[in-house]
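Novice: Structure in structure tokens, see below.
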Amino acid sequence: MPWQRVMLVVDGGEAERLAAAFEAEGAISTEICDADAGTARETAVFAEPGADPSPWPRCRVSALFPDEALAAGAIDAALAACPIDSLAAASIDRLEDADWVALTQAQFAPIRAGERLWIVPTWHAPPDPGAVNIVLDPGAAFGTGSHPTTRMCLEWLEREVRPDDTVLDYGCGSGVLAIAAMKLGAGRAIAVDIDAAALEAARYNSQRNGVHLELVDAQHAFRGEARLAVANILANPLRMLAPVIASHTAPAGSIALSGILAEQAASVIAAYAPWARLAVAARDGEWVLVAGPRSQ
């Protein structure tokens, strides 16, 4: 079945209201992106929770409708409900149906991380059967290995994990870091997340890889100290979680944190200073990993 896609370019401050108006008129999905993407005016945005949801100066708002008549009427109705001060462009085009599962899968290829680790989607054969292969089904949870922060954490684990280690993965998402730790020889991995869907994804992925994870809801207290603690979240939550992550890291153990932009590193390091001596240990583009020993 073909779909009708409506696209309007508006001021960034009006994008959220317009997308909501399209949804009220029957859009099955909406998208907001940088209208200047691919040009010299493109703006890179790395938003923390609570940041402005429409940070680009100009936004392209797209809405998908099941038929042409509904799409055409939705433009008039949405603009009536949500007056726009500056409409830079507007269009309607036809979007043919496709095998969306296959198209999504095509975006994920095996990814190498470090010297021995490979992240392999479930529908791919491992490029190197003799490597440490983590079979992963990219789902709703963060952690496919494609993001620089995930790769830096995997490389850190590859260097640091010793046989029979206990490893804490705080904010585990898909479970990729905890699974990697177990496949690298750790004896125990504690995977913590606040999102029930993430914990279920981690459970599924651990079973696919033949390893056991201790899955913990972050809203509940848990016991145990890890020699290695790793957290790949964002700077603000990492700062807030400093006492928690430090308390579950054994004295003389090590902590590694990522999801941090280079300019945020100093504030994260300062937040952990009462418990650990952290420093920037890796950098990939705008992102860094900070790591160091837990104080005894």
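The values are calculated or read from the model by the stated rules, or taken from the named source; none is laboratory data. This is a predicted model, so every value here is computed, not measured. Because the Cβ atoms are built from the backbone with ideal geometry, glycine has one as well, and the counts that use them run over all protein chains shown. When the accessible area is computed, the model is the full protein with side chains, heavy atoms only, and any ligands, DNA or RNA have been set aside. Shrake-Rupley method; radii C 1.70, N 1.55, O 1.52, S 1.80 Å.
Novice: Treating only the Cβ atoms of Lys and Arg (+1) and Asp and Glu (-1) as charged, compute the dipole magnitude of the chain about its Cα centre; round to the nearest 20 debye.
Specialist: 1480 debye
Novice: If the chain between His124 and Ala221 were fully stretched, how many nm would it gain, using 0.36 nm times the residue separation less the Cα-Cα distance?
Specialist: Additional length available on full extension: 31.1 nm.
Novice: May I ask which residue of Leu241, Val176, Gly187 lies farthest towards the positive end of the charge dipole of segment 173-253, with charges of +1 (Lys, Arg) and -1 (Asp, Glu) on Cβ and the Cα centre as origin?
Specialist: Gly187
Novice: Moving on. What 222 nm value per residue comes from the helices of the chain, counting each DSSP H run with n ≥ 4 as -39,500 (n - 2.57) and dividing by all residues, nearest 500 deg cm²/dmol?
Specialist: -8500 deg cm²/dmol
Novice: Given points 7 Å out from each Cα along the Cα-Cβ axis, report the Ile194 to Ala89 separation in nanometres with one decimal.
Specialist: In this crude label model, Ile194 to Ala89 measures out at 3.8 nm.
Novice: Over the chain, with every protein chain in place, what whole percent of the accessible area is carbon and sulfur at 1.4 Å, could you tell me?
Specialist: Here it works out to 53 percent.
Novice: Averaging over every viewing direction, what projected area does the convex hull of the Cα atoms of segment 160-266 cover, in nm²?
Specialist: It is 6.6 nm².
Novice: Any idea how far apart Asp36 and Ala80 come out in nm if each label point goes 7 Å out from Cα toward Cβ?
Specialist: Going by the 7 Å Cα→Cβ label model, 3.4 nm.
Novice: Here is a further query. Could you tell me how far the Cα centroid of segment 189-207 sits from the Cα centroid of segment 1-36, in Å?
Specialist: 33 Å
Novice: Sort His124, His248 from largest to smallest accessible area, using a 1.4 Å probe on the heavy atoms of the protein chains.
Specialist: If we order His124, His248 from most to least accessible, we get His124, His248.
Novice: Rolling a 1.4 Å sphere over the protein heavy atoms, what is the accessible area per residue of the chain, to the nearest Å²?
Specialist: Counting only protein heavy atoms, the per-residue value for the chain is 48 Å².
Novice: Taking N as the number of residues in the chain, what is its Cα Rg relative to 2.2 N^0.38 Å?
Specialist: Against the empirical 2.2 N^0.38 Å value, I get 1.16 for the chain.
Novice: Hey, can you grab everything whose amide H is under 5 Å from the amide H of Ala282? Only 5+ residues off in sequence or another chain; H modelled, so Pro and N-termini drop out.
Specialist: Amide H neighbours of Ala282, under 5 Å, 5+ apart: Leu289.
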